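The values are calculated or read from the model by the stated rules, or taken from the named source; none is laboratory data. This one's a predicted model, so the numbers in the text were calculated from it and none came from an experiment. Don't worry about glycine lacking a Cβ; one is built from the backbone with ideal geometry, like all the others, and counts go over all protein chains shown. Side chains are part of the model used for accessible areas, which takes the heavy atoms of the whole protein and leaves out ligands, DNA and RNA. Shrake-Rupley method; radii C 1.70, N 1.55, O 1.52, S 1.80 Å.
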Amino acid sequence: MSKKKGKVEEKVMFGKPKNNVTIGLVGLPNVGKSSTFNLLGKLQVPAENYPFCTIDPSVTSVIVPDERFDHLVEMWKPKSEVQAVLAVTDIAGLVKGAAEGKGLGNEFLSNISAVDAIFHV
């Protein structure tokens, strides 16, 4: 609390303070988004060669290896270890005319807004 004005000072935080980040794989249909998703998550989601094979987005979590984290854990020996996690979302491909409602349109945009970062394949 500031003595002069009697106001409570707020602590300024930048970004999202958390140890996991969500990333969305986007791109045109049939360019390899689901194949990349399968490689990252070691999963077997359908990756067929026809439009809109992926309608509902698939999500997987991948632990991010970090030597610095391992070094700090060895040095300080905390009670619990919480590693960084990358949540990867396989988002359906964007087609021409999506602004007019073709393809998934608004659903595609809502899937994009739900992630922290976008990786264009």
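When you look at LYS7, is it open to solvent by 80 Å² or more (accessible area, probe 1.4 Å) and at pLDDT below 80, yes or no?
Yes.
Determine whether the range 78-95 contains at least one residue that is in contact with a Ser or Thr (Cβ under 7 Å, 6 or more places away or on another chain), modelled with pLDDT of 85 or more and among the acidic types (Asp, Glu).
Among the residues of the range 78-95, at least one is in contact with a Ser or Thr (Cβ under 7 Å, 6 or more places away or on another chain), modelled with pLDDT of 85 or more and among the acidic types (Asp, Glu), which makes the answer yes.
Could you look through the range 105-120, keep only residues that are without any contact (Cβ under 8 Å) to a residue 40 or more places away in the chain and in a helix (DSSP H, G or I), and pick out the one that is surrounded by the most Cβ atoms within 10 Å (Cβ to Cβ)?
Filtering the range 105-120 for residues that are without any contact (Cβ under 8 Å) to a residue 40 or more places away in the chain and in a helix (DSSP H, G or I), the one surrounded by the most Cβ atoms within 10 Å (Cβ to Cβ) comes out as PHE108.
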